[in-house]
Amino acid sequence: MSQVYVEDLPQHVGNEVLIQGWLWNKRSSGKVRFVLVRDGTGWVQGVVTPDADSATFELAESLPQESSLRMWGTVRADPRAPGGHELLVRKIEAVHIPQQPFPIGLKEHGVGFLMDHRHLWMRMRKQVPILRIRDSVLWAIREFFHQRGFVATEVPIIVGTAVEGTTTLFSLDYFGQPAYLSQSGQLYLEATCAALGKVYWIGPVFRAEKSKTRKHLIEFWMAEAEQAFLDHQGNLQLQEDLVRYVVESVVRCRARELEELERDATKLREEVRPPFARITYDEAIRLIQGRGVPIHHGDDFGAEAEDALSQEFGRPVFVERFPRKLKPFYMKKDPTNPQVVLCADLIAPEGYGEIIGGSQRVDTEQELLEQLGEDNLPVEPYGWYLDLRKWGSVPHSGFGLGVERVVAWIAGLPHIREAIPFARTLTRLYP
Ligand code: 4AD
Ligand code: MG
């Protein structure tokens, strides 16, 4: 008999199936034993009556949490059962029986303890749906870009230059030459976009950030896109369409997981209804000040400022046209006001912070040299990047979406560390 997964049980009502998984919990009621088994796709209750053979009955009584097992039984629809279906068990066979109690009980544990046991914690009731939602977020991003004719293309992770400022670079010794872990694939995407027109990639990037917040990781995944002949306004529309597509896909494909996390899918759907809000940096500063958060024109946004914007709009908001001096060298100045650049940060609702940073790019060699100079960056390592402005330069724009921040928002997580299987934070390299 071939294996059936818990998520497919509704298609097998009345049939005998084989479930292979791990024992989550068990209890008894009179002469009946209940075993709750998980297999990665869901949880199902097995009902073991004294009619089962004695070895099976004995296992249902004695197997400890996280025993791996095979369980044969007949599928029964029962609205009272967890997941809506249960198995009338004929036979259980143990695959591996732990000799020590599972370190994570069903009671509460501290965060430090859980993160030290992340390799085991990820099996738990709230963690599994989060990782399944993450899968759907990544899948939806790929689907969106693929449908729109973007070409997936890769960028190097070991690089010789900074993209997002020099303070958060991880250095390494590249056979005697200084090298860094990439903070963003953008500069390389600008090259491939001149070859392929519309490109994207999804991959890990690295920031040696000394910030210990619920929104920052040291290693995180970014989904980045770059499009030739796309201007600032078109860039915002592309981002809005992407975010809406991702949220709507996840709400549709992962309804059960959102429910398990007690996340209100209707609220999510409403938050992404068109159009997203759009305000300028100047307007944002006034709004934030109006909500009593201390901030001055020329300051970057802290967590409090982002929260104030979240509360103001209750849906995603683009903050456009930041002062040039707050942003990196590659952003194009607004021709009507060179003090600001043609960029936007997309701030998520409910205090999940900035989920996208993007801009139209500097597209002439002259401007690029000037802006490298303004930021005291050496020209020589950016030789290849300057080349892109020498042959067939075009207006072009792109953005980077923080995958874990989007997962945290959709799943309603209190902290970004649960949005990735193995978080790298300021103080954590284990496991
Ligand atoms: O705003 P950022 O720094 O933009 C860039 O790196 C551009 N080069 C992207 C581009 O235009 N192609 O980062 C993009 C997004 C942020 O909006 C945020 O969502 C996320 O990446 N992010 C982080 N997520 C988790 N931990 C961190 N330390 C993050 N830093 C940025
Ligand atoms: Mg940013």
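The values are calculated or read from the model by the stated rules, or taken from the named source; none is laboratory data. Since this is a predicted model, take the numbers as computed values, not measurements. Here Cβ is always computed from backbone atoms with ideal geometry, including for glycine, and neighbour counts include all displayed protein chains. What goes into the accessible areas is simple: the full protein's heavy atoms, side chains included, and nothing from ligands, DNA or RNA. Shrake-Rupley method; radii C 1.70, N 1.55, O 1.52, S 1.80 Å.
Label-to-label distance for Lys210 and Glu354 is 1.9 nm, based on points extended 7 Å past Cα in the beta-carbon direction. Per the Debye calculation on the range 6-96 with a single equal scatterer at every Cα and no solvent contribution, log₁₀ I(q)/I(0) for q = 0.18, 0.19, 0.20, 0.23 Å⁻¹ amounts to -0.68, -0.76, -0.85, -1.16. For Leu18, the amide hydrogen comes within under 5 Å of the amide hydrogens of Val4, counting only partners 5 or more places away or on other chains and with H modelled in the peptide plane. Straight-line reach from Lys332: taking Cα to Cα under 27 Å and skipping same-chain neighbours fewer than 8 places apart, the lysines in range are Lys198, Lys390.
Converting phi to 3J(HN,Hα) with the Karplus coefficients 6.51, -1.76 and 1.60 and the offset θ = phi - 60°, the range 383-388 yields x, 5, 6, 5, 3, 4 Hz in sequence order, with x at every glycine or proline. Full extension of the chain segment joining Thr168 with Glu262 gains 30.2 nm, where the gain is 0.36 nm per residue of separation less the Cα-Cα distance. Annotation: per residue accessible area for the chain equals 46 Å², rounded to a whole number [probe 1.4 Å, protein chains only].
In terms of Cα atoms, the Rg and Dmax of the range 120-419 work out to 19.0, 56 Å. Under 17 Å of direct C-alpha separation, and excluding same-chain neighbours fewer than eight residues apart, Lys31 reaches these aspartates and glutamates: Asp51, Asp53, Glu58, Glu61. Couplings 3J(HN,Hα) of the range 246-256, computed from phi: 5, 5, 5, 4, 5, 4, 6, 7, 10, 4, 5 Hz, in residue order, whole Hz [Karplus 6.51 cos²θ - 1.76 cosθ + 1.60, θ = phi - 60°; x for Gly and Pro].
Find the relative contact order for the chain and round it to a whole percent, using C-alpha pairs within less than 8 Å whose residues are 6+ positions apart. The partial results should precede the final answer.
Values: 824 pairs, mean separation 58.4, N = 431.
Relative contact order for the chain comes out at 14 percent.
Scalar couplings 3J(HN,Hα) for the range 138-147, obtained by applying the Karplus form with A = 6.51, B = -1.76, C = 1.60 to θ = phi - 60°, are 5, 4, 5, 4, 4, 4, 4, 5, 4, 4 Hz; x denotes Gly and Pro.
Charge dipole (Cα centre; +1 on Lys/Arg Cβ, -1 on Asp/Glu Cβ; no other charges) of the range 120-419 amounts to roughly 840 debye. Look at where the Cα atoms of the range 30-105 and of the range 389-420 average out, and the two centres are 41 Å apart. For the chain, the longest principal axis of the C-alpha atoms and the axis of helix 186-196 are separated by about 90°. Here the sum of -39500 (n - 2.57) over DSSP H runs of 4 or more residues, divided by the residues of the chain, equals -9000 deg cm²/dmol at 222 nm, to the nearest 500.
Ranking Pro274, Ala423, Trp43 by how far each Cα lies toward the positive end of the dipole of the chain (charges on Cβ) leaves Trp43 at the top. The charge dipole of the range 6-96, taken about its Cα centre with unit charges on the Cβ atoms of Lys, Arg (+1), Asp and Glu (-1) only, comes to about 240 debye.
Could you tell me which of rounded, prolate or oblate describes the range 55-147, using a ≥ b ≥ c as the square roots of the eigenvalues of the alpha-carbon gyration tensor, with rounded for a/c under 1.5 and, failing that, prolate when a/b is larger than b/c and oblate otherwise?
Working: a/c = 2.35, a/b = 1.31, b/c = 1.80.
It is oblate, given that a/c is not under 1.5 and a/b is not larger than b/c.
Taking amide H as placed 1.01 Å from N in the peptide plane, the amide H of Lys332 sits under 5 Å from that of Leu342, Gln360, Arg361, Val362, each at least 5 places away or on another chain. Here the range 175-241 and the range 314-375 have alpha carbon centers that stand 14 Å from each other. Looking at the range 6-96 alone, DSSP beta bridges between its own residues are antiparallel in about 90 percent of cases. Seen against the Cα atoms of the chain and their longest principal axis, helix 303-313 is set at about 80 degrees. Here the calculated FRET efficiency for Ala255 and Glu380, from their Cβ-Cβ distance with R0 = 51 Å, stands at 0.45, rounded to the nearest 0.05.
Taking Cα atoms only, the orientation of helix 365-374 departs from the longest principal axis of the chain by about 80 degrees. Between Thr336 and Gln3, the distance separating the two model label sites (each 7 Å from Cα on the Cα→Cβ line) works out to 6.0 nm.
If I take R0 = 30 Å and measure r between the Cβ atoms of Gln20 and Asp51 in this structure, what FRET efficiency does the formula 1/(1 + (r/R0)^6) give, to the nearest 0.05?
On the way: r = 23 Å, r/R0 = 0.75.
Taking R0 as 30 Å, the efficiency between Gln20 and Asp51 is 0.85.
Antiparallel beta bridges, as assigned by DSSP with both residues in the range 120-419, represent about 85 percent of the total such bridges. Here's the picture: charge each Lys and Arg Cβ at +1 and each Asp and Glu Cβ at -1 in the range 120-419, and of Val250, Tyr352, Gly398 the one pushed furthest to the positive end of that dipole is Val250. Rounded to 0.05, the FRET efficiency of the Arg125 and Lys390 pair, given R0 = 51 Å and the Cβ-Cβ distance, is 0.35. Packing around the peptides 211-217, 167-173, taken as the average count of other Cβ atoms within 10 Å per residue, puts them in this order, highest first: 211-217, 167-173.
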